[in-house]
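Let me begin by presenting the structure, written as structure tokens, before commenting on it.
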Amino acid sequence: MQRLIALDPETTTGKSKELFNAIQSKLGMVPNMMRTMGNSQAVLNGYLSLNAALSESRLGAKLGELIALTVANANSCDYCNAAHSFIGEKLVHIDAEAINDARSGKSNNPKIQAALDFSRILIDKKGEVSQADIDAVKDAGYDDGAIAEIIAHVSLNIFTNYFNKAAKVLVDFPQVELVEAAVI
């Protein structure tokens, strides 16, 4: 059972209502995660703002979704695994094999693999990465700005993973089985 209320977009008022209207016009729905975040307009606005900023990053939407899938599975977040599998396939047009691979932190593209590896290292080391970790992602072709963007993507996804798990947000995307975090 969901622990925090998912607001009804029809009856919500104020800034959350404005944000819900913008989400509805963009996605055609207001997902449960955002309806639940709407209990605090600051939380919802903060999430949407960072998400919008990262949508303009040099990493691009595809790598952002692959990172989100790697992070969701590393943190055992059913909601984010389902949401980013759906978004990756339907909105970003990532092929099923790449989506499945990303759930395990894998890619057949060496540069993407380096970003997914660095994402996992960030999670596993709680941000306490080594110079060798930074050098490895730089050697794969990422500059300081791109590395900052990978860190931001991982951070945003950790936030949504923790939010969804703590609130027990009901999954309103097609269910997708998690990859065991220990296997990644």
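Assess whether residue 22 counts as being outside the structural domain of residue 135 (by TED's automatic domain parsing) and either under 12 Å from the mean Cα position of the chain (by Cα) or not in a helix (DSSP H, G or I) (or both). Quick ask: steps written out before the conclusion?
Working: outside the structural domain of residue 135 (by TED's automatic domain parsing): yes; either under 12 Å from the mean Cα position of the chain (by Cα) or not in a helix (DSSP H, G or I) (or both): no.
Answer is no for this residue.
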Discussion item. Which numbered condition in (1) touching a helix residue (DSSP H, G or I) at 6+ places or on another chain (Cβ under 8 Å); (2) surrounded by fewer than 16 Cβ atoms within 10 Å (Cβ to Cβ); (3) not in a helix (DSSP H, G or I) is the only one that residue 15 fails?
Written reply: (3)
Worksheet item: Is one or more of the residues making up region 57-66 over 17 Å from residue 152 (Cα atoms) and either touching a residue at least 24 places away in the same chain (Cβ under 8 Å) or more than 19 Å from the chain's Cα centre (by Cα) (or both)?
Response: no
Worksheet item: Hey, among the residues in region 72-103 that are of a type in the set (D, E, K, R) and under 16 Å from residue 119 (Cβ atoms), which one's farthest from the chain's Cα centre (by Cα)?
Response: 101
Discussion item. Given the options 141, 88, name the one that is out of contact with any Phe, Trp or Tyr (no Cβ under 8 Å at 6 or more places or on another chain), assigned by TED's automatic domain parsing to the domain that holds residue 178 and closer than 20 Å to residue 176 by Cα.
Written reply: 88
Worksheet item: Taking region 128-175, which residues are farther than 23 Å from residue 84 by Cα and either within 16 Å of the chain's Cα centre (by Cα) or small (Gly, Ala, Ser) (or both)?
Response: 130, 132, 136, 140, 141, 145
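For region 164-173, check the following and say yes or no: at least one residue is in a helix (DSSP H, G or I), modelled with pLDDT of 95 or more and under 18 Å from residue 66 (Cα atoms). Reasoning before the result, please.
First, the residues of region 164-173 that are in a helix (DSSP H, G or I): 164-167.
Narrowing further to those that are modelled with pLDDT of 95 or more: 164-167.
Remaining after also requiring under 18 Å from residue 66 (Cα atoms): none.
Taking every residue of region 164-173 in turn, none turns out to be in a helix (DSSP H, G or I), modelled with pLDDT of 95 or more and under 18 Å from residue 66 (Cα atoms).
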Worksheet, complete the sentence: Just one listed residue, out of 130, 155, is hydroxyl-bearing (Ser, Thr, Tyr), modelled with pLDDT of 95 or more and farther than 23 Å from residue 53 by Cβ, and it is 130
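The values are calculated or read from the model by the stated rules, or taken from the named source; none is laboratory data. Since the structure is predicted, the reported quantities are computational estimates derived from the model, not experimental observations. Counting neighbours? That spans all protein chains shown, and the Cβs are built from the backbone with ideal geometry, glycine included.
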